[in-house]
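Below is one structure, written out as structure tokens; the observations come after it.
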Amino acid sequence: MSISYPRDFMSIVDDIKKMRIRGAGRIARAAIKALKLVSESFEGDDREEFIEYIKSASKILLNTRPTAVSLPNALRYVLFRLLEEYRSGGSLEALKETVNKSVNSFVKLSKNALKKIGEYGARLIDDGDVILTHCNSAAVLSIIIKAKADSKNISVYATETRPRFQGRKTIKVLNKYGVRTTLIVDSAVGYFMNKINKVFVGADAILANGALINKIGTFSIAIIANEFNVPLYVAAETYKYSPDSLFGVKAKIEERSPTEVISPSFLSRLNYVKVRNPAFDITSPRYITAIISEVGIYHPSVFPRVAEKIFKFRYSELYPWE
């Protein structure tokens, strides 16, 4: 039997898949808001059918961006609570209300996390610092904006972040807040690193060993920063932790369309050429000075344990959408 979903839900799915919604936190909030739309649209009166409807919608959302762990963690946050209410015998109305409350709670948690990360991270920035950032991280922006608000005289180098040029979004925000910013091509990081005091990057996922999954190019920046003895800080909410990595599940690195890199007409004339376009890479914890979270600043080896405690992952039920 085919299942139909509300048009607004499918619109969000498409926006996430086609990167009209970017950034791990924004993706997570959009995904569970989409789940809320599905809950509200359910017109049946059967509890079991409602649960299956929510699970099937969750699977569709999961397939939009396979690397950003914030998305499955946001879904876990809602589904853990929904299934708990279901097993306790809650009515259909109670199940729908649980989805509604859980979504609102996560959105509030997510936005408050950015504020706390901004406060903690800004304390690491000294007056006169020159900062390098990569891609477009809401958590990193909150740190830089808070430092600026604290009247610290800072300037920023931002990478273009090819091929989707997320760096342009970053410089647009920083310009709005009056932060002096220089946009550079990704390959120029080594050229400018001797001017940099600190590197701040976001996170799409933190693995059980403290390794970082982030926008492609982060690993190269980390190696260059290490060569120049420049500290590299990761701004990451606790829901960026990848719980299944504790059990040896390998991270899925999303590879996107070659058309983001080269036009199809040009590529079609090159018989012996193929294009690889990985969206993320993995940075070893040895290159990370610390991870800045909403509950404090931690060494990469400590952060996963903190996240497990804060988020209360249910390891017996890591895949509630199954």
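Please go through the residue pairs 152/252; 17/274; 59/274 and name each one whose alpha carbons sit more than 28 Å apart in this structure. The pairs that break the limit, which is 28 Å between Cα atoms, are 152/252; 59/274.
Alpha-carbon geometry of the range 8-76: the Rg and the Dmax are 11.8, 36 Å, given in that order. Residue ranges 145-157, 309-321 sort as 145-157, 309-321 when ordered by packing (mean number of other C-beta atoms within 10 Å per residue, highest first).
Per 5 Å bin from zero, what fraction in whole % of the C-alpha pairs of the range 1-124 is there, up to the bin with the longest pair? Bin by bin from 0 Å, the calculated values are 2, 11, 22, 21, 19, 12, 7, 3, 2, 1, 0, 0.
Listed peptides 120-127, 137-144 appear in the order 137-144, 120-127 once ranked by packing, highest mean of other Cβ atoms within 10 Å at the front. Computed over protein heavy atoms with a 1.4 Å probe, the carbon and sulfur contribution to the accessible area of the range 261-322 reaches 57%. On the range 69-198, 48 percent of the accessible area sits on carbon and sulfur atoms, based on a 1.4 Å probe. Using the 1.4 Å probe convention, the accessible area of the range 1-107 works out to 44 Å² per residue with neighbouring protein chains retained. Relative contact order, whole percent, for the range 184-318 stands at 32, derived from Cα pairs under 8 Å and 6 or more residues apart. Could you tell me the center-to-center distance, by alpha carbons, between the range 244-279 and the range 90-119 in angstrom? Centre-to-centre distance over Cα atoms comes out at 34 Å. Using C-alpha pairs below 8 Å separated by at least 6 residues, the relative contact order for the chain is 18 percent. Out of 54, 213, 262, any idea which swings most in a Gaussian network model of the chain, alpha carbons joined below 10 Å? Largest GNM mean-square fluctuation: 262. Computed over the range 174-303, the quotient of the alpha carbon radius of gyration and 2.2 N^0.38 Å is 1.23. Restricting attention to the chain, close to 35% of DSSP beta bridges with both partner residues there are antiparallel. Taken one residue at a time, the phi angles of the range 78-87 give Karplus couplings (6.51, -1.76, 1.60, θ = phi - 60°) of 6, 5, 3, 6, 5, 5, 5, 5, 4, 5 Hz. Gly and Pro are set to x.
Taking each residue as 0.36 nm, the span from residue 269 to residue 318 lengthens on full extension beyond its C-alpha to C-alpha distance by 13.0 nm.
Size of the chain: Rg and Dmax of its alpha carbons, in Å, are 20.6, 64.
Name the lysines eligible as straight-distance cross-link partners of residue 146: C-alpha to C-alpha under 24 Å, and not fewer than 8 places from it in the same chain. Within reach: 108, 111, 115, 116, 169, 172, 176, 195, 198, 215, 240. Each residue of the range 260-275 was assigned a 3J(HN,Hα) from its phi angle through the Karplus expression (A = 6.51, B = -1.76, C = 1.60, θ = phi - 60°), giving 6, 9, 8, 6, x, 5, 5, 5, 5, 8, 10, 5, 10, 10, 10, 10 Hz with x at Gly and Pro.
Going by accessible surface with a 1.4 Å probe and the largest first, 10, 19 read 10, 19. For the range 54-71, backbone phi angles converted through the Karplus equation (6.51, -1.76, 1.60; θ = phi - 60°) give residue-by-residue couplings of 5, 5, 5, 5, 4, 5, 5, 5, 4, 7, 6, 9, x, 8, 5, 5, 4, 5 Hz, Gly and Pro being listed as x. In the context of the full set of protein chains, residues of the range 183-322 present 49 Å² of accessible surface per residue (probe radius 1.4 Å, heavy atoms only).
The values are calculated or read from the model by the stated rules, or taken from the named source; none is laboratory data. In this text, all values refer to a predicted model and were calculated from it rather than measured experimentally. With ideal geometry, Cβ positions are generated from the backbone for all residues, glycine too; neighbour counts draw on all protein chains shown. Keep in mind that these areas ignore ligands, DNA and RNA; they rest on the heavy atoms of the full protein, side chains included. Shrake-Rupley method; radii C 1.70, N 1.55, O 1.52, S 1.80 Å.
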